[in-house]
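Undergrad: I'd like to ask you about the structure that follows.
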Amino acid sequence: MQVHTSNLPDATVLRCDGRLTMVAAPALKSAIDEVVESGQARVVIDLSETSFVDSSGLGALVAGLKRTRQAGGDLRIAEPQEQVRMVLALTNLDRILQPFDRLEDALHGW
């Protein structure tokens, strides 16, 4: 998996390409940490190109949510594919990591 960073005026978008698994989760956590340490606590994770998420991937998302909120911001997820939506729903994480259908929607209303 690759993580691509886009810095916007009000938030940073991290786009995850590939499978968010035990192997890739540390890279996402590191990317979120770097963004927060740079002073940006509003992070949107773009999952439009993420085909699969396992428990380690979910753990990275939850850790990122905690990290951003501790810094006074928030973490949002955008455009998750069907498998990712299903995993979020089955684990009830969709209640705290509400998925946005469009990236543009996730970037508004902070």
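No value in this document is a laboratory result; all are computed from the given coordinates. Bear in mind that the values here come from a model prediction, so they are computed numbers and not experimental data. With ideal geometry, Cβ positions are generated from the backbone for all residues, glycine too; neighbour counts draw on all protein chains shown.
Undergrad: Relative to the longest principal axis of the C-alpha atoms of the chain, give the angle of the C-alpha long axis of helix 25-37, reported between 0 and 90° and rounded to the nearest 10°.
TA: 10 degrees
Undergrad: Hey, can you grab everything whose amide H is under 5 Å from the amide H of Phe52? Only 5+ residues off in sequence or another chain; H modelled, so Pro and N-termini drop out.
TA: For Phe52, the qualifying residues are Leu20.
Undergrad: Could you give the length gained on full extension between Ile96 and Ser30, defined as 0.36 nm per residue of separation minus the Cα-Cα distance, in nm?
TA: On the way: separation 66, 0.36 × 66 = 23.76 nm, distance 2.10 nm.
Length gained, Ile96 through Ser30: 21.7 nm.
Undergrad: Now a separate question. Gain in length, His4 to Glu37, computed as 0.36 nm per residue apart minus the alpha-carbon separation, to one decimal in nm? List each step's numbers first, then the result.
TA: On the way: separation 33, 0.36 × 33 = 11.88 nm, distance 1.70 nm.
Using 0.36 nm per residue and subtracting the Cα-Cα distance, I get 10.2 nm.
Undergrad: Further question: Tilt of helix 55-70 relative to the longest C-alpha principal axis of the chain, in degrees (0 to 90, nearest 10)?
TA: 20 degrees
Undergrad: Right, something else. With each run of n ≥ 4 DSSP H residues scored as -39500 (n - 2.57), what mean residue ellipticity at 222 nm is computed for the chain after dividing by its residue count and rounding to the nearest 500 deg cm²/dmol?
TA: Numbers: 4 runs with 42 residues, N = 110.
After summing the helix terms and dividing by residue count, I get -11500 deg cm²/dmol.
Undergrad: In nm, give the distance between the simple-model label positions of Asp54 and Thr21, each being 7 Å from the Cα along the Cα-to-Cβ direction.
TA: 0.5 nm
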